[in-house]
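Here is the structure we will look at, set down as structure tokens.
Each value in this text was obtained by applying a stated rule to the coordinates, not by laboratory testing. Fair warning: this is a prediction, and the values are worked out from it, not measured in the lab. No Cβ is skipped: glycine too gets one built from the backbone with ideal geometry, and neighbour counts run over all protein chains shown.
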2 protein chains.
Amino acid sequence: MSEFDASASRSAPIAFACPAPLPPGDQVLLGHGSGGRLSADLVRSLFHPAFGDPELARLGDAAVVDVEGTRLAFTTDGFVVQPAFFPGSDIGALAVNGTVNDLAVMGARPAFLSAAFILEEGFPTDDLGRIAESMGAACTTAGIRLVAADTKVVERGGADGIFIVTSGIGTLPEGVHLGPEHIEDGDVVIVSGPVGDHGVAVMSRRAGIDFEVDVGSDTAPLTELVDVMRTAGSVHCLRDATRGGVATVLNELAASAGVTITIDDEAVPVQDPVRAACETLGIDPLYVANEGVCVAMVGSDSSDAVVAAAREHPIGRQAVAIGRVESGPAAVHLRTGLGVTRPLLMLTADQLPRIC
Amino acid sequence: MSEFDASASRSAPIAFACPAPLPPGDQVLLGHGSGGRLSADLVRSLFHPAFGDPELARLGDAAVVDVEGTRLAFTTDGFVVQPAFFPGSDIGALAVNGTVNDLAVMGARPAFLSAAFILEEGFPTDDLGRIAESMGAACTTAGIRLVAADTKVVERGGADGIFIVTSGIGTLPEGVHLGPEHIEDGDVVIVSGPVGDHGVAVMSRRAGIDFEVDVGSDTAPLTELVDVMRTAGSVHCLRDATRGGVATVLNELAASAGVTITIDDEAVPVQDPVRAACETLGIDPLYVANEGVCVAMVGSDSSDAVVAAAREHPIGRQAVAIGRVESGPAAVHLRTGLGVTRPLLMLTADQLPRIC
């Protein structure tokens with residue numbers, strides 16, 4: 001199956017004939033880790049029946065659990081980005097910020113982080129040291145304490161350099177309730193910054209592609225920006241637009257909330273070098289991973305105030321409204337510059353595997 | 001460097017000329033993931049300076065953190081065991097019980113679990129399904145809720161089948177304070193069951209070794225057993241004897257507490273097939289990983305009661321006192337059947353890599 005199905009679908013808006021999920025004797029595909037439709041199939045048909053916890057089934061960026069009367073957000077994320085060092089950042093900072101952001105978009109205050117390293121024998125200790133320092137610095141910036149860690153090493157060829165899994169605990173202040181169930185008819189869709197930077201930065205150093213592009217990963221903790229936006233107006237739901245990009249997040253939210261979301265293609269901020277790189281690679285920036293960009297669903301009365309507030313923050317300077325929520329069947333539409341409206345579908349698999 | 005250094009040292013008790021830790025240009029070795037001396041070097045010389053958190057530096061089985069007045073235990077562990085299925089269990093149950101036990105030996109009540117999967121493209125989905133079901137069943141048995149998960153897939157050759165990282169949160173009841181700082185002169189050392197079962201069970205199916213042995217992994221949640229033991233007497237410190245086995249745990253505790261621990265070799269329970277397998281492989285069962293055995297340091301007044309109580313529990317039936325704590329330099333001694341006392345040193349690396 002092509003990894004470009006969904007891009008193709010934008011010019012030929014025909015619903016996918018989705019492959020039958022996980023027949024016996026089947027094998028795990030790269031797309032099962034994409035965050036797209038195959039990932040969702042794997043979760044729904046294999047993990048949920050086995051694990052069965054309702055909080056897991058809610059599919060939030062982080063679980064919300066009660067511990068002796070305190071609401072905690074709890075999340076985990078694996079990082080397998082290749083290469084481990086890329087313009088603007090590395091796997092270490094990414095692993096910290098990725099988990100911090102999963103907590104932040106729940107409205108939680110990131111508190112404690114764990115990190116598990118799986119290393120390939122022969123991985124340079126200098127590189128490991130740089131990655132660890134990068135993680136330490138990212139923890140300091142994000143105000144989270146790395147309190148638990150583990151290291152495993154597998155033999156040469158048993159892993160691809162370094163994998164990092166981080167898990168995070170955050171505290172949820174009273175009265176903070178964000179999620180797709182709070183999305184309302186008429187909500188304005190805001191993105192907090194230009195899309196596609198992270199994915200393009202990583203791809204620019206990918207073995208076999210390697211091109212020069214004047215763009216770095218956007219990896220950053222979203223906690224402060226989320227605070228600023230929530231203080232300024234009625235933010236109903238937030239997601240960080242990582243694997244699968246803004247388009248995948250919007251599809252997940254439309255499905256969870258049972259609403260129609262319409263996006264104005266020309267309003268979506270994309271930096272020129274990112275747009276050029278995407279055109280060269282034949283991919284769509286709306287599906288490219290970001291690591292410091294969130295999508296917010298905001299009540300229409302205060303959406304201007306939320307955008308204005310976000311723009312005062314260093315990583316929100318290009319925040320902008322890109323669309324609107326309406327009651328209707330669960331779907332995401334894209335209005336193009338020509339005034340044509342097309343479905344913006346969920347990808348079956350990845351455009352860019354191993355981007356985070 | 002030989003992976004059998006420490007075994008050799010038992011017949012030639014000369015202190016290690018430890019390799020200089022992590023010179024520039026060095027590479028990660030299998031031993032850096034062993035839980036032995038090389039692991040400790042990596043943590044001390046690379047991770048701690050980069051991360052710097054005092055709770056991390058305490059090197060407990062789990063971090064103990066305060067969240068709005070509630071004490072939580074928080075831990076993470078990576079599982080890279082090869083093969084993924086072995087006599088008595090599989091990587092899934094191991095990944096659940098391993099993290100549950102890191103919480104249990106702190107005296108915490110396991111509450112919430114996360115799981116991150118790193119899969120190799122082509123991994124059979126049937127195997128993944130069996131592993132997920134095994135995890136679900138282990139969670140039910142251990143009374144922990146799996147509330148957060150993530151899946152990443154890397155291309156063929158980018159990982160060795162399946163790796164799982166679990167992280168766990170437990171609540172620490174008031175008044176529960178276990179740790180090496182509570183170990184006292186005169187404490188009795190208890191092991192809760194026969195040692196070496198897990199490591200030998202895994203090795204018996206290892207490619208290139210493959211032998212028949214009538215022993216399965218001992219993987220099991222220790223929570224109930226720990227409760228029973230703590231209720232029966234003055235348990236000062238607990239550790240589950242995983243990577244590096246009982247000998248490594250004792251060395252870590254002796255170093256942390258600054259005490260001398262003397263073990264009676266003949267008192268250590270080892271099942272006959274495990275002993276036979278270890279003799280065949282030339283390894284020492286005291287250094288072989290266990291996944292359902294804990295080491296307890298117990299006040300001498302109540303040690304008989306603790307052993308008796310443990311023996312009432314299904315996984316503690318062979319609990320036994322194996323040694324004693326004395327004030328003195330940080331060291332572990334082994335008294336052999338001939339009455340000779342020898343140092344029981346920490347391994348530099350693994351006898352058996354990728355055992356958990």
Considering only segment B:62-171, what is the antiparallel percent among its DSSP beta bridges, to the nearest 5?
75
Compactness summary of segment A:62-171: radius of gyration and Dmax from Cα atoms, Å, are 14.4, 47
When the charge dipole of segment B:62-171 is computed with +1 on Lys and Arg Cβ and -1 on Asp and Glu Cβ about the Cα centre, the Cα farthest towards its positive end, among B:83, B:169, B:134, belongs to B:169
Calculate the dipole size of segment B:226-356 relative to its Cα centre from +1 charges on Lys and Arg beta carbons and -1 charges on Asp and Glu beta carbons; express the result in debye to the nearest 20.
140
Percent relative contact order for segment B:62-171, counting Cα pairs under 8 Å at least six residues apart, stands at 41
Roughly what % of DSSP beta bridges within the protein assembly as shown run antiparallel, to the nearest 5?
75
Mean-square fluctuation check for chain B, GNM, Cα pairs under 10 Å: which of B:199, B:129, B:107 is largest?
B:129
May I ask for the distance between the Cα centers of segment B:56-99 and segment A:315-350, given as a whole number of Å?
41
Measuring from its Cα centre, segment B:62-171 shows a charge dipole (+1 at each Lys and Arg Cβ, -1 at each Asp and Glu Cβ) which, in debye to the nearest 20, is 360
In nanometres, what is the gap between the two model label sites at residue B:66 and residue A:336, each 7 Å from Cα along Cα-to-Cβ?
6.0
Of all DSSP beta bridges having both residues in chain A, the percent classed as antiparallel (nearest 5) is 75
Burial ordering of B:113, B:29, fewest other beta-carbon atoms within 10 Å first
B:29, B:113
Output the relative contact order of segment A:276-356, whole-number percent, from Cα pairs under 8 angstrom with separation of 6+ residues.
25
Could you work out the relative contact order of chain A? I mean the mean sequence separation of Cα pairs under 8 Å and 6+ apart, divided by the number of residues, in percent.
25
Taking A:75, A:341 and counting other C-beta atoms within 10 Å, the order from fewest to most:
A:341, A:75
Of all the Cα-Cα pairs you can form in segment A:275-356, what percent are over 14 Å apart?
75
Counting every C-alpha pair in chain B, the percent lying more than 28 Å apart is 41
Taking a point 7 angstrom from the Cα of residue B:210 along the C-beta vector, which residues in segment B:281-325 have backbone N less than 20 Å away?
B:281
What are the extents of the Cα atoms of segment B:113-238 along their three principal axes, listed from largest to smallest and rounded to whole Å?
53, 38, 25
For segment B:196-323, how big is the tail of P(r) above 21 Å, as a whole percent of Cα pairs?
41
For A:219, B:336, A:166, A:248, which order do you get if you count the other beta carbons within 10 Å of each Cβ and list the fewest first?
B:336, A:219, A:248, A:166
Suppose every Lys and Arg Cβ carries +1 and every Asp and Glu Cβ carries -1, with no other charges. What dipole size does chain B come out with about its Cα centre, to the nearest 20 debye?
220
Apply the Debye scattering formula to the protein assembly as shown, with a single equal point scatterer on each alpha-carbon and no solvent, then give log10 I(q)/I(0) at q = 0.09, 0.12 Å⁻¹.
-0.76, -1.26
